[in-house]
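Take a look at the structure set out below.
None of the figures in this text is laboratory data; all of them are computed from the coordinates on show. Keep in mind the model is a prediction, meaning the values are calculated, not measured. Quick reminder, even Gly has a Cβ in these numbers, built from the backbone with ideal geometry, and neighbours come from all protein chains shown.
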Amino acid sequence: MSDAEIDRRIDFIERRLDASKLHARIWYWSWMTVNVGGVVGLSVGSALTDDGDMRASYIPQAALAALGVADLTVLPPLEVRLGAGPIRGLPEATRAQRLEKLERAEAVLRGNAERAESRRSWMLHIANFGLNPAAGAATYFTGRTSDALISFGSGWAGGELYIWTEPGAPARDWREYQRLKTHGSASTGLR
């Protein structure tokens, strides 16, 4: 691979990572705020209320919000929110450094694509559908039936909104990059 080709591939990846950064940051920080707010607010609410039915509703919802925080921080994190920053800072004075930078850039782009594709996984949607009835059932057995239905319905809808609004462009970017590597060209249209 020529030096010009290495530079062209790195440039392509950096431009695509930067193009997805704003959507990813908005999505990440919005959901982080919702989930952390849910964990804190519902935990404090359950500790302060004297209403056992409300406590029964708050605790499972706080647990679901904690799973949301874990998804954003512990499970494969949403690196696309960082744009090309982590790649751009890598050394590139020598050919070996540029090849290493390209390898790292490809790994980031591929990881972002895998995370983006996961939203299409039926397992993710089944997990969302399974966790929310579990939270609703916990509320049902210790609280009011109406609270259990609200817990299930709002939790399931919120989970689907969370899944489907996650940035999907990295999957397309990875496919375009594969086309660039194979055929020497890719779509130049950025979102």
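Things to note:
- Distance from the C-alpha centroid of the stretch 69-88 to that of the stretch 90-119: 13 Å, rounded to the whole angstrom.
- Short-range pairs are left out: with C-alpha atoms under 8 Å and at least six residues apart, the relative contact order of the chain is 29 percent.
- Remark: relative contact order (the stretch 1-81) = 38 percent; criterion is Cα-Cα distance under 8 angstrom and separation of 6 or more residues.
- Point-to-point label distance, residue 40-residue 134, nm (Cα→Cβ direction, 7 Å offset): 2.6
- Max mean-square fluctuation residue, GNM over the chain, Cα-Cα springs under 10 Å, options 107, 93, 157: 93
- In sequence order, the stretch 74-88 has phi-based couplings of 9, 5, x, x, 7, 5, 4, 5, 8, x, 8, x, x, 7, 4 Hz under the Karplus curve 6.51 cos²θ - 1.76 cosθ + 1.60, θ = phi - 60°, and Gly or Pro positions carry x.
- If you run the Gaussian network model on the chain, springs between alpha carbon atoms under 10 Å, then out of 155, 38, 52 the most flexible one is 52.
- Calculated Cα Rg over 2.2 N^0.38 Å (choose from (1) 0.96; (2) 1.21; (3) 1.31), label: (3)
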